[in-house]
Amino acid sequence: MSIEFPYLIGIALIEENGQRAMPIGGKSIKETLKPSEMPDIKGGEIALELLIRVFQRSEKSPIQAIGPEQNILLMQISMETMQKELPRLKSEWMRDGNHEILINQLKVLTSGIWSLSFSKESGIIYKSLS
């Protein structure tokens with residue numbers, strides 16, 4: 001599915017000073033990724049920028065990832081959906097912390113969603129959640 005004005009967005013689901021937080025970073029992309037494609041280089045850049053920001057936040061207060069997996073996400077989303085829906089989803093998740101509902105809602109709104117992990121042997125590993 002091709003979307004007009006596609007964005008690749010990274011989010012981190014963290015707890016900071018005992019409160020849920022969701023740092024977000026991203027960039028516009030020229031072409032929509034196909035469902036079978038992985039966001040490789042552009043996704044890696046967004047993940048790096050996001051994680052540097054999270055790391056810098058840790059200088060001010062204790063931070064920990066929420067949940068053992070699916071706490072760093074990358075998604076392809078339209079600019080319109082990002083502006084209209086992402087603030088609402090962020091607010092709901094920060095209020096109630098329901099990880100499963102957040103992931104399911106993101107799956108519906110995005111045209112590709114991946115969880116990120118890291119392995120010394122493989123580097124960044126993208127796992128499609130779509």
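The values are calculated or read from the model by the stated rules, or taken from the named source; none is laboratory data. In this text the structure is predicted, and so the values were computed from the model without any measurement. Every residue, glycine as well, gets a Cβ built from its backbone with ideal geometry; the counts of neighbours run over all protein chains shown.
Tell me yes or no: at least one residue of the range 85-98 is modelled with pLDDT under 90, closer than 21 Å to Glu16 by Cβ and exposed (fewer than 15 other Cβ atoms within 10 Å of the Cβ).
First pass over the range 85-98, keeping only residues modelled with pLDDT under 90: none.
Looking through the range 85-98, none of the residues is modelled with pLDDT under 90, closer than 21 Å to Glu16 by Cβ and exposed (fewer than 15 other Cβ atoms within 10 Å of the Cβ).
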Checklist outcome for this item: Of the residues in the range 57-90, those that are small (Gly, Ala, Ser), within 15 Å of the chain's Cα centre (by Cα) and on the phi < 0 side of the Ramachandran plot come to Ala65, Ser78
Next on the checklist: Please verify whether Ile72 is crowded, with 16+ Cβ neighbours inside 10 Å and in contact with a Ser or Thr (Cβ under 6 Å, 6 or more places away or on another chain), treating the condition exactly as stated.
Outcome noted: no
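Given Met75, Met38, which one is at pLDDT below 90, of a type in the set (A, V, I, L, M) and either assigned to a loop (DSSP other than H, G, I, E, B) or within 16 Å of Ile11 (Cα to Cα) (or both)? Outline the logic, then answer.
Numbers: Met75 fails: at pLDDT below 90.
Sole residue among the options that is at pLDDT below 90, of a type in the set (A, V, I, L, M) and either assigned to a loop (DSSP other than H, G, I, E, B) or within 16 Å of Ile11 (Cα to Cα) (or both): Met38.
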Checklist entry - Across the range 24-45, which residue is nearest to Tyr7 (Cα to Cα) among those that are among the basic types (Lys, Arg) and within 17 Å of the chain's Cα centre (by Cα)? => result Lys27
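Select from the range 99-120 the residues that are of a type outside the set (Gly, Ala, Ser), in a loop (DSSP other than H, G, I, E, B) and either buried (at least 17 other Cβ atoms within 10 Å of the Cβ) or in contact (Cβ under 8 Å) with a residue 12 or more places away in the chain (or both) and list them in ascending order. Give the steps one after another, and end with the answer.
Within the range 99-120, the first condition is being of a type outside the set (Gly, Ala, Ser), and the residues that meet it are 99-110, 113-114, 116, 118, 120.
Right, trim to in a loop (DSSP other than H, G, I, E, B) and you get 110, 120.
Of everything in the range 99-120, just one residue is of a type outside the set (Gly, Ala, Ser), in a loop (DSSP other than H, G, I, E, B) and either buried (at least 17 other Cβ atoms within 10 Å of the Cβ) or in contact (Cβ under 8 Å) with a residue 12 or more places away in the chain (or both), namely Thr110.
Filter the range 1-12 for residues that are touching a strand residue (DSSP E or B) at 6+ places or on another chain (Cβ under 7 Å) and not small (Gly, Ala, Ser); which is modelled with the lowest pLDDT?
Taking the candidates together, the pick is Ile3.
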